[in-house]
Amino acid sequence: MEVGLVKLTIDGNEVQAPKGTMVLEAAEQLGIHIPRLCYDPDLSTVGACRLCIVEIEGIRNLPASCVTEVTEGMVVRTDTPAVIEARKTVLELLLANHPVDCLTCEKLGECLLAKYCYEYGVFKSPFDGEKHHYEMETDNPFIVRDMNKCILCGRCIRACAEITGKNIIDFSYRGFNTRVAPFGDTPLSESECIYCGNCVAFCPVGALSEKQMLNLGRRWNLKKVKTTCTFCGTGCTFDLRVKDGKVVGVTSNPDNAVNGRALCIRGRFGTRDFIHSDKRLTTPLIRRDGKLIPATWDDALDLVAERLKEITKQNGPNSFAALSSTRFTNEEIYLFQKFARAVIGTNNINHYPSPCHGAMYREDTLCSEAVCEFAGTATLRCPNNLQGASDMGALSGSLAGYQRVDRQEARSKYEEAWGVSIPGEAGLTVSEMFEHANQGDLKAMYILGENPVLS
């Protein structure tokens, strides 16, 4: 057995797991699913819901598998009659103070409590007693809170603290009156909540819902289309929820490589409104007699090509500048800078930097010059495709891979590949572009996915 591994048996199957692994996680290695409500692999473990209890030889009670570490020779059983009966009791206790309005609940189809009640045959609770009757909280534009459905698993609290880093909500009061709330039990709209919605993404029941998706379709009727957020260059991915060909909302996915389930307010709640905004351009516009009028793509592209030819022929290629964006893919950015250099014949190509851009670009340039002519594309920057924009050559002084334009050996490789000559002097930076535009030297700009007035 490898050092640091412990061997145990789960439901008659031997498995090796690293020391410190929890029983629930070891069971996952065998494909054994242990029900859980408070546990989430992206959050710290608390062992609160007790639904993940198992039977372990030598231990008298039924421990929670999400907070019980594996030990050498441990024998675990996950489906004995005692375990099943105890889990049913846990579910019955939860239902004792939980509305059974599944027919109208927004989370039906994705509610873990409903899923496990179905699997364990729990249809109602035998326990009678007082129930909560909280008002539905709809005081903010983004999140609906129904604390009657809260099972006090604490996942939203940990998501806010550990994923978002805000600590806006926590458990308030004690005993039967315990509820999740901002400090002082104030409404969410009066707290410092940034409405990222990560609490909603981690909620296993219908206590938290996306307000913009209310009554727009059952979860199983909403198609998932994975896409990349375009609001900034971080590269978060999420699932567009689509019904009848229309985006009705956004949900996050734990399998997303960049961000997991974490999103910001713009990505989670701004995407749908952005897509369906009546301010979006849906067709090219051409200015005629001082007014913008709709045009076909052929007409618009023909006009652009004609005007660029006229301007560069009369004023030279450096009368043109290209402003790239970190919102696009590496392939698109590469083609954009190639267009400026190979078609127009200028190095006036750049993109908007971030505060960390300058120092890290100097590191890349040093690497490409002093260490290896092929180096310079490994350093990671803050927004992910700020890195890609520089890697792909959207820089006035460097080609793709940080090959300096003032070095003949670097230019020769691209000239051979592209079949054109490339100017050997650095082009204009972003700030210089606008200076030259004000001076009248710059006659045309191709701006890709940016708004210079707002940026």
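The values are calculated or read from the model by the stated rules, or taken from the named source; none is laboratory data. What you see is a predicted model, and the numbers here were worked out from it, not measured in a lab. Reconstructed Cβ throughout: ideal geometry from the backbone, glycine too, with neighbour counts over all protein chains shown.
Scan segment 158-180 for residues that are in contact (Cβ under 8 Å) with a residue 24 or more places away in the chain and either within 24 Å of residue 112 (Cα to Cα) or in a strand (DSSP E or B) (or both) and the total you get is 11.
Taken together, the residues in segment 205-227 that are assigned to a loop (DSSP other than H, G, I, E, B) and in contact with a Gly (Cβ under 8 Å, 6 or more places away or on another chain) amount to 3. Just one residue in the set 47, 4 is surrounded by 13 or more Cβ atoms within 10 Å (Cβ to Cβ), of a type in the set (Gly, Ala, Ser) and in contact with a Pro (Cβ under 9 Å, 6 or more places away or on another chain); that residue is 47. Please indicate, with yes or no, whether at least one residue in segment 153-163 is of a type in the set (Asp, Glu) and in contact with a strand residue (DSSP E or B) (Cβ under 6 Å, 6 or more places away or on another chain). No, the conditions are met nowhere in segment 153-163. Pairs are defined by a Cβ separation below 9 Å, a sequence spacing of at least 6 or placement on different chains, a first member in segment 392-403 that is part of a loop (DSSP other than H, G, I, E, B), and a second member that is among the hydroxyl-bearing types (Ser, Thr, Tyr) and buried (at least 24 other Cβ atoms within 10 Å of the Cβ); the pairs so defined are 392/324; 393/402; 394/324; 394/326; 402/390.
Answer yes if at least one residue in segment 326-341 is modelled with pLDDT of 95 or more, buried (at least 16 other Cβ atoms within 10 Å of the Cβ) and not in a helix (DSSP H, G or I), and no otherwise. No. The residue that is surrounded by the fewest Cβ atoms within 10 Å (Cβ to Cβ), counting only those in segment 130-157 that are among the hydrophobic types (A, V, I, L, M, F, W, C) and outside any helix (DSSP H, G or I), is 136.
If you go through segment 65-89 and keep only what is more than 20 Å from residue 13 (Cβ to Cβ) and not in a helix (DSSP H, G or I), you end up with just 67. Checked against (1) more than 20 Å from the chain's Cα centre (by Cα); (2) closer than 30 Å to residue 247 by Cβ, residue 203 passes all but condition (1).
Within segment 100-123, the set of residues being under 16 Å from residue 148 (Cα atoms), at pLDDT below 95 and part of a loop (DSSP other than H, G, I, E, B) comprises 100, 101, 105, 106, 107, 108. Residue 193 satisfies every condition listed in (1) of a type outside the set (D, E, K, R); (2) part of a loop (DSSP other than H, G, I, E, B); (3) within 30 Å of residue 91 (Cα to Cα) except (3). Restricting segment 405-425 to residues that are hydrophobic (A, V, I, L, M, F, W, C) and out of contact with any helix residue (DSSP H, G or I) (no Cβ under 7 Å at 6 or more places or on another chain) leaves a set whose member that is nearest to residue 348 (Cα to Cα) is 410.
For segment 70-82, the set of residues classified as out of contact with any Gly (no Cβ under 9 Å at 6 or more places or on another chain) and either surrounded by fewer than 18 Cβ atoms within 10 Å (Cβ to Cβ) or among the aromatic types (Phe, Trp, Tyr) (or both) consists of 71, 72, 73, 79, 80, 81, 82, listed by residue number. Residue 269 falls short on exactly one of the conditions (1) surrounded by fewer than 18 Cβ atoms within 10 Å (Cβ to Cβ); (2) in a helix (DSSP H, G or I), and that condition is (1).
Scanning segment 209-235 for residues that are more than 20 Å from the chain's Cα centre (by Cα) and among the basic types (Lys, Arg) yields one hit, 218.
Residue-wise test of (1) at pLDDT 50 or above; (2) closer than 27 Å to residue 312 by Cβ.
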position	(1), (2)
362	yes, no
368	no, no
394	yes, yes
404	yes, yes
435	yes, yes
440	yes, yes
446	yes, yes
452	yes, yes
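Against the test of being within 25 Å of residue 41 (Cα to Cα), surrounded by fewer than 18 Cβ atoms within 10 Å (Cβ to Cβ), among the hydrophobic types (A, V, I, L, M, F, W, C) and modelled with pLDDT of 95 or more, the options 67, 90 yield a single qualifying residue, 67. There is at least one residue in segment 156-173 that is within 30 Å of residue 84 (Cα to Cα), in the same structural domain as residue 207 (by TED's automatic domain parsing) and of a type in the set (Phe, Trp, Tyr). Taken together, the residues in segment 408-425 that are surrounded by 16 or more Cβ atoms within 10 Å (Cβ to Cβ) and part of a loop (DSSP other than H, G, I, E, B) amount to 2. Candidates 318, 350: the one that is in contact with a Ser or Thr (Cβ under 6 Å, 6 or more places away or on another chain), among the polar types (S, T, N, Q) and in a strand (DSSP E or B) is 350. Inspection of segment 97-109 finds a residue satisfying the criterion of being farther than 18 Å from residue 200 by Cα, among the hydrophobic types (A, V, I, L, M, F, W, C) and either out of contact with any Gly (no Cβ under 9 Å at 6 or more places or on another chain) or assigned by TED's automatic domain parsing to the domain that holds residue 203 (or both).
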